[in-house]
Structures are given as C-alpha cells and as structure tokens.
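Contents: one structure, followed by commentary.
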Amino acid sequence: MDDTAAAGGVSPEKPASPQHAEPEDDDVEEDGPGETAGAGAGEGKKKKKKKKPKKKKAEQSDPPRVGLSKFFPDGNYPEGEIQPYKDDNTWRTTSEEKRYNERMAMEDPELTYQSIRRGAEVHRQVRKAARKFIRPGRTMTEIAEYIEDGTRALVEENGLESGVGFPTGLSLNNCAAHYTPNAGDTIVLQQGDVLKVDIGVHVKGRIVDSAFTLTFEPTYDKLLEAVKAATDTGIREAGIDVRLGEIGGAIQETMESYEVEVNGKTLPVKAIENLSGHSINPYQVHGGKSVLLVKNDDQTKMEEGEYYAIETFGSTGRGRVVEGGDCSHYAKAHDAPHVPLRLTSAKSLLNTINKNFGTIPFCRRYLDRIGESKYLLALNHLVSQGIVQDYPPLLDQRGAMTAQFEHTILLRPTVKEVVSRGDDY
C-alpha cells in the first residue's frame with residue numbers, strides 16, 4: 001500500500017514456504033528377534049506389532065482455507081530472504097552484540113519477528129492461489145473477496161490480534177493505487193488490463209505490505225520488468241543509516257533505464273514522482289518516513305529495527321498521479337483529534353471503527369460486511385473532522401499504464417530480511 005506524496009538487482013531466493021509442514025510418520029516398529037521358549041521348543045515366531053496409522057500431511061486447500069498454525073504448530077515461521085548489509089555496515093553480520101540483540105528481540109512478544117513472518121507466509125500462500133484465480137472475465141469484487149477470504153482464514157482472523165492488513169488494492173491501468181471495489185461495482189477484468197494486486201496481512205499489528213502486477217498479454221512486459229527491477233534496487237540499497245533521498249535516486253535510475261514499445265511507438269518508463277514507499281509502525285501502515293521513487297534531498301536515515309514497505313511504481317504516462325474517482329479506502333488517524341461529534345451516527349460509526357479496525361485501514365465493503373448501513377454521511381463527517389483519513393484512487397493520465405511491485409523489509413541488527421519475498425517475486 002503506497003504512501004502518497006512522498007519504494008533491486010537481487011536474485012530473489014525463495015524462503016522456505018512449505019505447503020507440507022508436518023513430517024509424515026511412517027516408521028513402523030522393528031520386529032525384534034523371536035524369543036525361544038526353552039530347550040525343546042522350535043524357533044519362536046516373530047511377534048507382529050501393529051502398524052502405527054500414518055499421520056496425514058497438512059495440505060493447503062483450494063481455495064486456501066487451512067489456518068497457518070496447522071503447518072507450523074511450533075509457532076516458528078519461515079525466515080524471509082536474507083541480504084547482508086553493505087559498505088560501512090558489513091560488520092553487523094558477525095557482531096556478537098548485534099546477534100545478542102536479535103536473540104533478545106525474538107524472546108520479546110512485542111518485538112519478535114515471528115509475527116511479521118507469519119503474516120508473510122500467509123501472504124505467499126494467498127497470492128499463490130490468487131495468481132491462478134485471477135483471470136480476464138472475473139469481476140473486481142470476486143477477486144477482492146477471494147483474496148480477503150483466504151487471508152482471513154490463513155491468518156486465523158481474531159479481532160485486532162490478526163487479520164487483513166488493509167483493503168485489497170486492485171488498481172487497473174492508469175490507476176496506480178487505492179482502488180478496491182465498493183458495493184455494486186461491476187468492473188470486469190479485461191485481457192488488455194494491467195492489474196496491480198496489493199495485499200495486506202497483519203499479526204499483532206505487524207503489517208506485511210506487498211504487491212505485484214499482472215498482465216494477460218505481452219505488450220507491457222517491459223514496464224513490469226522495469227518496476228520489479230526498481231523495487232529490487234530499492235531493497236538492495238536500503239539499510240541502517242542509509243539516507244532516504246539516496247535510495248530514491250537509485251530507484252529512479254533503474255526504473256528510467258527501461259522503455260516500452262506500444263503499437264510501434266517507444267514510450268519511456270517514468271518513476272511516479274509523488275508516490276513512495278514508507279516505514280511501517282505497529283497498527284500504522286504509513287509510519288511517517290517516506291522513500292520517494294526519484295532523487296531528492298531527504299537526509300532522513302533508516303534506523304535499526306525499522307520495518308519498511310519498499311514499493312515502486314512505473315508509468316508510461318506523465319509519472320505523476322492525482323486523486324480521482326469514488327473513494328473506497330479509509331483509516332482512522334493514529335493521532336486523531338478528540339473533537340465533539342454533533343452527529344449521533346458519526347459517534348456510533350467511530351465506535352464501530354475503533355472496535356473492528358483501530359488504526360488498520362478499511363474500506364466500505366468491510367463496513368457492509370459487519371452490518372453497517374447508510375453510513376456515508378457519518379463517514380464523511382469523521383473525515384471532515386480529521387478523525388478518519390480518506391485515500392481516494394490515484395490516477396495518472398488517461399491511456400497511461402502503471403505497474404507496482406512491493407516488499408516489506410525488516411532492518412534487523414545483523415542483516416536485512418525481505419520478509420515477503422517468495423519464489424514468484
């Protein structure tokens with residue numbers, strides 16, 4: 001999920017993402033040698049021991065509905081792709097002090113990396129199924145609900161403890177971000193569409209924010225290649241004490257080295273200058289620091305222990321987005337002001353938002369799902385009071401195509417962990 005106004009040539013080595021986690025137990029007890037029953041007795045018969053029933057392997061269903069705890073009963077989830085720090089930070093990899101800090105973090109339920117890794121494994125399994133399901137002819141609503149139903153089941157949704165991290169982004173073509181269908185949406189995926197799929201999962205407020213782009217014919221393959229390479233560049237350049245402005249320059253250089261040929265015309269790929277990656281705080285997907293996609297003078301540094309969504313967006317258009325269209329995405333501001341609400345319906349809706357979402361982003365379909373109705377006036381009132389932030393769709397010029405790739409990374413004391421990396425991207 002992008003941060004507005006304000007996300008590498010790494011070979012994506014897949015972290016273990018087992019579909020079968022429980023080892024099959026097909027050991028049968030060895031028959032011992034038969035005992036002889038005294039001098040005159042013949043050779044004793046071997047005792048037959050009953051075979052243990054084979055344990056069934058845990059297997060993911062189709063569509064995915066088996067909770068992740070069935071695959072990882074010990075609560076240890078797969079580590080993401082590990083990238084060593086570079087330049088002045090290479091010492092961290094072998095530092096005893098930094099290793100000790102990591103061990104301490106893993107023992108602290110608030111800091112443990114298991115929450116983000118659990119979310120990442122849910123993300124990998126859900127998106128693997130979604131890639132097979134998403135085809136031209138499906139409606140946007142069918143696709144969104146398929147992804148969200150899978151996420152809720154696999155993360156074993158439990159109030160504010162675990163669930164969907166933000167509304168599923170399904171932005172099409174010149175829409176770069178922040179579109180998910182509202183009730184009554186009739187848009188159907190077409191063969192020539194460029195679809196950004198932005199999926200969020202959270203466990204104990206640790207949000208995995210990762211996205212990919214799908215096409216169904218080859219015209220825009222180079223656009224996808226450019227954006228994927230730019231995201232990998234951003235990941236490679238990220239690190240403790242690295243300045244955010246420098247990462248933006250590296251992303252732009254990679255992205256803009258590509259071009260796309262459409263109907264005999266060569267179009268440059270442009271980094272979208274007013275979108276960005278962002279830090280992620282507990283229960284706050286936009287954590288306050290922004291990683292722009294173009295060179296800039298931001299001297300802010302990345303710090304040890306921080307989580308970042310490194311995402312990049314490329315466009316065949318002007319490389320700048322504006323708000324437009326019907327709003328679907330909302331989130332309660334983490335620093336929401338305490339203001340008297342004169343609308344009773346707004347007070348009631350705010351209670352519903354606090355109880356069901358807290359500061360986790362939500363959409364109008366999620367309000368429908370929990371039984372809210374006729375809430376638009378109240379919702380707009382909360383927005384006008386600064387209590388809830390609205391996030392309208394973000395559009396480049398008509399006729400342009402936009403693509404997105406994104407990963408969540410964790411700046412551990414010793415190494416950088418690309419927690420959402422899979423064998424797909």
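The values are calculated or read from the model by the stated rules, or taken from the named source; none is laboratory data. These numbers were taken from a predicted model, which means no experiment stands behind them. We place every Cβ from the backbone using ideal geometry, glycine too, and count neighbours over all the protein chains shown. Accessible surface is based on the protein model in full, side chains and every heavy atom, while ligands, DNA and RNA are left aside. Shrake-Rupley method; radii C 1.70, N 1.55, O 1.52, S 1.80 Å.
Tell me which residues come under 5 Å, amide H to amide H, from residue 280 once H is placed; ignore anything under 5 positions away on its chain.
It is 287, 307, 308, 309, by chain and number.
At each listed q (0.07 Å⁻¹), what is the log10 of I(q)/I(0) that the Debye formula gives for the chain modelled as equal alpha-carbon point scatterers?
So the normalised log intensities work out to -0.37.
Just the number please: accessible area per residue for the chain, 1.4 Å probe, all protein chains included, in Å².
Numbers: 19670 Å² over 425 residues.
Result: 46 Å² of accessible area for each residue.
Using helices alone, I'd like the mean residue ellipticity at 222 nm for the chain: each DSSP H run of four-plus residues gives -39500 (n - 2.57), total over residue count, nearest 500.
On the way: 8 runs with 104 residues, N = 425.
It comes out at -8000 deg cm²/dmol, rounded to the nearest 500.
In debye, nearest 20, what is the charge dipole magnitude of the range 327-391 about its Cα centre with +1 on Lys and Arg Cβ and -1 on Asp and Glu Cβ, if you could check?
Working: 8 positive and 4 negative charges, 37 e Å.
Computed charge dipole of the range 327-391: roughly 180 debye.
In debye, nearest 20: dipole of the range 67-223 around its Cα centre with unit charges on the Cβ of K, R (+) and D, E (-)? Numbers along the way, then the final one.
On the way: 20 positive and 25 negative charges, 87 e Å.
Once rounded to the nearest 20, the dipole reads 420 debye.
From the phi of every residue in the range 231-237, what ³J(HN,Hα) in whole Hz does the Karplus formula 6.51 cos²θ - 1.76 cosθ + 1.60 yield, where θ is phi - 60° and glycine or proline is x?
Working through the residues one at a time gives 5, 5, 5, x, 5, 5, 7 Hz.
Once you charge only the Cβ atoms, +1 for Lys and Arg and -1 for Asp and Glu, what is the size of the charge dipole of the chain about its Cα centre, to the nearest 20 debye?
1340 debye
Over the alpha-carbon set of the range 327-391, work out the extent along each principal axis and list the three values in angstrom, largest first.
If we take the Cα atoms of the range 327-391, the spans are 28, 22, 22 Å.
Between residue 176 and residues 5 or more places away or on another chain, which pairs have amide H atoms under 5 Å apart, with H built 1.01 Å from N, and which residues are they?
394, 395, 396
What list of ³J(HN,Hα) couplings, whole Hz, do you get for the range 135-149 from phi and the Karplus terms 6.51, -1.76, 1.60, once you set θ to phi - 60° and write x for glycine and proline?
Coupling constants for the range 135-149: 9, x, x, 6, 7, 4, 5, 4, 5, 4, 5, 4, 5, 6, 5 Hz.
Going by amide H atoms built from the backbone, whose H comes under 5 Å of the H on residue 416, apart from near neighbours?
Counting only residues 5 or more places away or on other chains, the set is 83, 85.
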